[in-house]
Amino acid sequence: MKKISVVGAGTMGNGIAHHLATFNFDVTLVDLSEERLEKARKTIAKNLDRQIKKQIVDASQKEKILSQIEFATSISKIDSSDLVIEAVNENPDLKTELFKQIETIISPNAIIASNTSSISITELAKNVENPERTIGMHFMNPVPVMKLVEIIKGYKTNDSTLNKIVDLTKKIDKQPVIVNDYPGFISNRVLMPMINEAICALYEGVAGVKEIDTIMKLGMAHPMGPLQLADYIGLDVCLSILRVLYNGFGNPKYAPCPLLQNMVNAGNLGIKSGEGFYWYNNESKELTVSYTFLK
């Protein structure tokens, strides 16, 4: 593989493009919004500056890495790609339609991957003529830092596609872990019920935000408490994944907590909106609790 396209210039998309370019791949980052593309360009440059300070990347490499990325508003730019990684919002209909569109543009030998964190690869590929070349590549956030890529094998994904993606993942210094295609895969099937249970404990007045997070950090050696982590992931994303789990398994243990649904409806989405279980004030590094239970 020499040329890789990433469709969607949000947090995950620009992180994936950044990391691939660091390993000398020619990357095309596609988004319909010029504003999002410009924001992605600035974010990648800022994150490269952080890597330079930490001596992960040499200062002389910054411009070269940025030059490896083409920022495009037209999806037609993916036509010569060996691999296209879809990284748009966790919307099954949007992703399914995008998979179908991608197939009409790229060569018959190119691979179509999704960065979805919970949606079935088999479902996304249902309208693709050659679903054997579809696969899941679930990167973790922040992409340049986190080592894991959860590789999801769809029902019809063939061994050639799987092996190529595993090899690529190793080449970009990530650890591939292969899982089968069931709701939430492994990462979110385990993580999201824990986050949801923490939200339920808060909702029921068992303990406060800081108390819940402190217990999980100091008692379970988690680097971040589940409520802070939910804010970091995005409460809307957490809700979406829980709905995928609930609908996929039909098991009430995956039903989203009413508090989570209310917070998303109110627009309190975590870091991305400036308020979730905590307030996020750029002028202060100290976390301030936003939500307090009423008991």
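The values are calculated or read from the model by the stated rules, or taken from the named source; none is laboratory data. Since the model is a prediction, treat every value here as computed from it, not as a measurement. As a convention, Cβ positions derive from the backbone with ideal geometry for all residues, glycine included, and neighbour counts pool all protein chains shown.
State whether one or more residues within region 97-113 are aromatic (Phe, Trp, Tyr) and surrounded by fewer than 16 Cβ atoms within 10 Å (Cβ to Cβ).
Kept after step one, since they are aromatic (Phe, Trp, Tyr), are these residues of region 97-113: 99.
Next cut, surrounded by fewer than 16 Cβ atoms within 10 Å (Cβ to Cβ) only: none.
The answer is no, given that none of the residues of region 97-113 is aromatic (Phe, Trp, Tyr) and surrounded by fewer than 16 Cβ atoms within 10 Å (Cβ to Cβ).
Of Ser120, Ser114, which residue is within 21 Å of Val149 (Cα to Cα), touching a Leu at 6+ places or on another chain (Cβ under 6 Å), among the hydroxyl-bearing types (Ser, Thr, Tyr) and touching a residue at least 24 places away in the same chain (Cβ under 8 Å)? Walk me through it before giving the result.
Numbers: Ser120 fails: touching a Leu at 6+ places or on another chain (Cβ under 6 Å).
Ser114 is the lone residue from the list that is within 21 Å of Val149 (Cα to Cα), touching a Leu at 6+ places or on another chain (Cβ under 6 Å), among the hydroxyl-bearing types (Ser, Thr, Tyr) and touching a residue at least 24 places away in the same chain (Cβ under 8 Å).
Any residue at all in region 178-198 that's among the charged types (D, E, K, R), surrounded by 20 or more Cβ atoms within 10 Å (Cβ to Cβ) and not in a helix (DSSP H, G or I)?
Within region 178-198, the subset among the charged types (D, E, K, R) is 181, 189, 197.
Restricting the remaining residues to those that are surrounded by 20 or more Cβ atoms within 10 Å (Cβ to Cβ) gives 181.
With the extra rule that they be not in a helix (DSSP H, G or I), the set shrinks to 181.
Looking through region 178-198, at least one residue is among the charged types (D, E, K, R), surrounded by 20 or more Cβ atoms within 10 Å (Cβ to Cβ) and not in a helix (DSSP H, G or I).
Kindly provide the set of residues from region 192-209 that are over 21 Å from the mean Cα position of the chain (by Cα) and farther than 9 Å from Pro226 by Cβ, ordered by number.
Cys200, Ala201, Leu202, Tyr203, Glu204, Gly205, Val206, Ala207, Gly208, Val209
Being over 16 Å from the mean Cα position of the chain (by Cα), surrounded by 15 or more Cβ atoms within 10 Å (Cβ to Cβ) and in contact (Cβ under 8 Å) with a residue 24 or more places away in the chain: is that true of Lys174 here?
Working: over 16 Å from the mean Cα position of the chain (by Cα): no; surrounded by 15 or more Cβ atoms within 10 Å (Cβ to Cβ): yes; in contact (Cβ under 8 Å) with a residue 24 or more places away in the chain: yes.
Answer is no for this residue.
Tell me the residue from Ile56, Ile44 that is closer than 14 Å to Val6 by Cβ and assigned by TED's automatic domain parsing to the domain that holds Thr122, please. First the steps, then the outcome.
Details: Ile56 fails: closer than 14 Å to Val6 by Cβ.
Criteria check complete, one pass: Ile44.
Just to be sure before I move on: is Lys170 part of a helix (DSSP H, G or I) and either out of contact with any His (no Cβ under 7 Å at 6 or more places or on another chain) or among the basic types (Lys, Arg) (or both) in the structure I sent?
Judged against the criteria, Lys170 is a match.
Specify the residue that is surrounded by the most Cβ atoms within 10 Å (Cβ to Cβ); the eligible residues are those in region 256-270 that are within 17 Å of Pro226 (Cα to Cα) and of a type in the set (A, V, I, L, M).
Met263
Scan region 142-157 and tell me whether some residue there is outside any loop (DSSP other than H, G, I, E, B), in contact (Cβ under 8 Å) with a residue 40 or more places away in the chain and in contact with a strand residue (DSSP E or B) (Cβ under 7 Å, 6 or more places away or on another chain). Outline the logic, then answer.
We begin by selecting, within region 142-157, every residue outside any loop (DSSP other than H, G, I, E, B); these are 148-153.
Adding the requirement that they be in contact (Cβ under 8 Å) with a residue 40 or more places away in the chain leaves none.
Checked region 142-157: no residue is outside any loop (DSSP other than H, G, I, E, B), in contact (Cβ under 8 Å) with a residue 40 or more places away in the chain and in contact with a strand residue (DSSP E or B) (Cβ under 7 Å, 6 or more places away or on another chain).
Just the residues that are assigned to a loop (DSSP other than H, G, I, E, B) and either assigned by TED's automatic domain parsing to the domain that holds His19 or under 23 Å from Tyr254 (Cβ atoms) (or both), please, taken from region 199-221.
Keep residues of region 199-221 that are assigned to a loop (DSSP other than H, G, I, E, B), which gives 204-208, 221.
If the condition is that a residue be assigned to a loop (DSSP other than H, G, I, E, B) and either assigned by TED's automatic domain parsing to the domain that holds His19 or under 23 Å from Tyr254 (Cβ atoms) (or both), then Glu204, Gly205, Val206, Ala207 are the ones that fit.
Kindly indicate whether any position in region 210-229 is surrounded by 14 or more Cβ atoms within 10 Å (Cβ to Cβ) and in contact (Cβ under 8 Å) with a residue 60 or more places away in the chain.
Yes, the conditions are met somewhere in region 210-229.
With Ser33, Ser60, Ser80 as the choices, which residue is of a type in the set (Gly, Ala, Ser), exposed (fewer than 15 other Cβ atoms within 10 Å of the Cβ) and either touching a Cys at 6+ places or on another chain (Cβ under 6 Å) or without any contact (Cβ under 8 Å) to a residue 12 or more places away in the chain (or both)? Walk me through how you get there before you give the answer.
Details: Ser33 fails: either touching a Cys at 6+ places or on another chain (Cβ under 6 Å) or without any contact (Cβ under 8 Å) to a residue 12 or more places away in the chain (or both); Ser80 fails: either touching a Cys at 6+ places or on another chain (Cβ under 6 Å) or without any contact (Cβ under 8 Å) to a residue 12 or more places away in the chain (or both).
Criteria check complete, one pass: Ser60.
Let's see how each residue does on (1) aliphatic (A, V, I, L, M); (2) closer than 22 Å to Ile233 by Cα; (3) out of contact with any helix residue (DSSP H, G or I) (no Cβ under 6 Å at 6 or more places or on another chain); (4) not in a helix (DSSP H, G or I):
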| site | (1), (2), (3), (4) |
| --- | --- |
| Ala9 | yes, yes, no, yes |
| Met12 | yes, yes, yes, no |
| His18 | no, yes, no, no |
| Thr28 | no, no, no, yes |
| Leu37 | yes, yes, yes, no |
| Ala40 | yes, yes, no, no |
| Asp49 | no, no, yes, no |
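Do any strands (runs of 3 or more DSSP E) entirely within region 52-140 hold 3 or more residues that are modelled with pLDDT of 95 or more and closer than 20 Å to Ile165 by Cα, and if so, which? Give the steps one after another, and end with the answer.
Numbers: elements: 69-72, 83-86, 111-114, 134-139.
Result: 83-86, 111-114, 134-139.
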